[in-house]
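Quick notes on the structure that follows.
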Amino acid sequence: MMKENGVKFVIQLETDKVIVFQSALYMTTSTIIRTDEAIFLIDPCWLPTEIERVKEYVDNIISGKQLYIIYTHSDFDHIIASGFFENAIIIASEKLSNRIDKEKILQEIKAFDEKYYINRSYTPSYPVVNIEVKENGQQLKLKNMVVTFYLSPGHTEDGLFIIIEPFGIFLSGDYLSDVEFPFINSSYTDYVQTLKLANSIVENHSIQLLVPGHGSATEKIEEINERISFSQWYLQELKKDAKELLDVVLAKYPFAYSMIDAHEYNKSFIVKNKK
């Protein structure tokens with residue numbers, strides 16, 4: 001653990017291949033995967049000192065390798081470092097690349113920085129995507145590794161699951177967290193299907209590590225399956241408007257009282273959108 005300007009910046013997990021940084025905000029993860037051929041950086045975020053620490057780490061290990069930055073989805077906290085890293089190949093879903101409300105997302109970044117008096121050494125910009133993921137199973141093949149992408153709508157329209165083999169790393173974005181229940185901002189039906197997809201990924205890939213966008217990484221397959229199962233159960237109970245569901249959520253998640261509004265939003269989302 002380290003402190004920068006009084007802010008805790010945690011290295012949650014570190015192996016010879018993977019380092020997972022954890023932001024002081026919302027336990028948001030920034031993941032670096034080091035291979036013989038390239039460096040992969042997933043969702044670098046939040047605070048300026050945190051992003052600078054991630055870049056420092058990348059700069060120390062890049063050694064002439066290609067840097068790939070992968071954005072799991074377009075929520076502003078996950079793209080907030082866009083504009084800071086140079087000479088990177090950007091990968092994201094086609095829907096992220098083609099959003100028509102890019103300026104709105106940038107305004108969310110500006111509003112966040114203004115609210116907390118944050119100055120950055122760069123101007124955040126919406127990602128310019130070099131490799132667009134258009135379909136499930138699309139792959140990036142390098143000499144000794146394969147990166148497989150799956151579209152994961154439901155939380156947002158433009159979500160992306162990432163599988164890096166032969167290391168068995170599953171990067172799930174804002175799904176399968178141990179500190180957040182499902183947040184539905186796009187489609188209930190899509191979210192249900194994305195969880196089925198997560199099950200299929202676990203069954204068909206040799207997953208050895210799950211890294212969510214918020215919360216703790218886990219190497220335990222039982223824990224991964226439990227996260228999928230609970231998310232599925234939550235959505236089923238949400239659809240039924242089960243009265244005891246909020247009590248279960250409050251008991252299960254350590255910061256759940258701060259997320260009551262998100263639970264109520266999920267309920268109203270279903271009623272409003274009927275999908």
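What follows draws every value from the coordinates through simple rules; no lab data is involved. What you see is a predicted model, and the numbers here were worked out from it, not measured in a lab. Backbone-built Cβ (ideal geometry, glycine too); neighbour counts: all protein chains shown.
Helix 260-273 and the longest principal axis of the C-alpha atoms of the chain enclose an angle of approximately 70°.
In this structure, the pairs whose alpha-carbon distance is over 21 Å, taken from 220/252; 55/95; 239/272, are 55/95.
Legend: Rg and Dmax of region 1-117, from Cα coordinates, 14.3, 42 Å.
Each of 271, 30, 259 was scored by the projection of its Cα onto the charge dipole of the chain, and the greatest displacement toward the positive side belongs to 271; charges sit on the C-beta of Lys, Arg, Asp and Glu. When the listed pairs 102/243; 115/243; 17/102; 102/134 are checked against a 30 Å cut-off, the alpha-carbon distance exceeds it for 102/243; 115/243; 17/102.
Under the combined filter of DSSP loop state and at most 15 neighbouring Cβ atoms within 10 Å, region 9-65 retains these GluC sites (Glu not before Pro): 37. Over all Cα atoms in the chain, the spread is summed up by Rg and Dmax: 18.0, 56 Å.
Ordering 184, 66, 215 by the projection of their Cα atoms onto the charge dipole of the chain, which places +1 on the Cβ of Lys and Arg and -1 on the Cβ of Asp and Glu, puts 184 at the extreme positive end. In the chain, the DSSP-assigned H stretches of four residues or longer account for a calculated mean residue ellipticity at 222 nm of -10500 deg cm²/dmol, using -39500 (n - 2.57) per stretch and the full residue count as denominator.
Available extension along the chain between residue 165 and residue 258 is 29.8 nm, counting 0.36 nm per residue and deducting the alpha carbon span. Between 213, 168, 159, find the one with the highest GNM mean-square fluctuation for the chain; connect C-alpha pairs within less than 10 Å. Highest fluctuation among the options: 168. The charge dipole of the chain, taken about its Cα centre with unit charges on the Cβ of Lys, Arg, Asp and Glu (plus for the first two, minus for the last two), comes to roughly 380 debye.
Excluding same-chain neighbours fewer than eight residues apart, the aspartates and glutamates reachable from residue 110 by a Cα-Cα span under 14 Å are 75, 77. Between 0 and 90 degrees, rounded to the nearest ten: what's the tilt of helix 221-240 against the longest Cα principal axis of the chain? It works out to around 40 degrees. Packing, as the average of other Cβ atoms within 10 Å across residues, places the peptides 121-131, 69-79 in the order 69-79, 121-131, highest first.
Between residue 117 and residue 203, the simple label model (points 7 Å from Cα in the Cβ direction) yields a spacing of 5.5 nm.
Straight-line reach from residue 143: taking Cα to Cα under 14 Å and skipping same-chain neighbours fewer than 8 places apart, the aspartates and glutamates in range are 36, 37, 165. Sorted on the mean count of surrounding Cβ atoms within 10 Å across their residues, most packed first, peptides 216-226, 238-248 read 216-226, 238-248. Reported to the nearest whole Å, the Cα centre-to-centre distance from region 32-85 to region 145-212 is 20.
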